[in-house]
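So the structure is just underneath, and the comments pick up after that.
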Amino acid sequence: MIFFSDAMCIDWQGWYFTNGYGGTTVKNKSKKVTRVLVGALVGRDLGPTEFVCHTCHNKKCINPLHLYVG
């Protein structure tokens with residue numbers, strides 16, 4: 001069981017884009033892992049004008065409590 005703490009960052013353990021954000025592959029396309037995660041949490045793909053922001057200002061963090069659409 002994983003417990004999420006608002007104070008604790010969870011760093012992505014996969015590969016990273018050159019800009020420092022975590023990356024993953026979905027249907028043979030490279031995607032920012034935070035966009036995939038937040039999209040799954042809100043139940044839809046994020047639009048091109050929507051961004052995933054970090055309250056912790058840590059590009060590597062994937063803690064859902066630190067992420068919001070802005």
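Annotations for the structure displayed:
- Hey, residue 31 assigned to a loop (DSSP other than H, G, I, E, B) and in contact with a Ser or Thr (Cβ under 9 Å, 6 or more places away or on another chain) or not: no
- Scanning the range 6-17 for residues that are surrounded by 10 or more Cβ atoms within 10 Å (Cβ to Cβ) and within 15 Å of residue 66 (Cβ to Cβ) gives 8, 9, 10, 11, 12.
- Scanning the range 38-61 for residues that are of a type in the set (Gly, Ala, Ser) and not in a loop (DSSP other than H, G, I, E, B) yields 39, 40.
- Filtered residues of the range 51-69 (kept if farther than 15 Å from residue 21 by Cβ and not hydrophobic (A, V, I, L, M, F, W, C)): 55, 64, 68
- Close pairs from the range 54-70: first among the hydrophobic types (A, V, I, L, M, F, W, C), partner part of a strand (DSSP E or B), Cβ under 7 Å, at least 6 apart: 61/11; 61/54; 62/22; 67/52; 67/54; 69/52
- Top-ranked residue of the range 18-70 - restricted to ones that are exposed (fewer than 14 other Cβ atoms within 10 Å of the Cβ) and in contact with a Cys (Cβ under 8 Å, 6 or more places away or on another chain), ranked as nearest to residue 7 (Cα to Cα): 68
Every number here is computed from the coordinates shown, using simple stated rules; none is lab data. Note that the structure is a prediction, hence the values are computed from the model and not measured. Don't worry about glycine lacking a Cβ; one is built from the backbone with ideal geometry, like all the others, and counts go over all protein chains shown.
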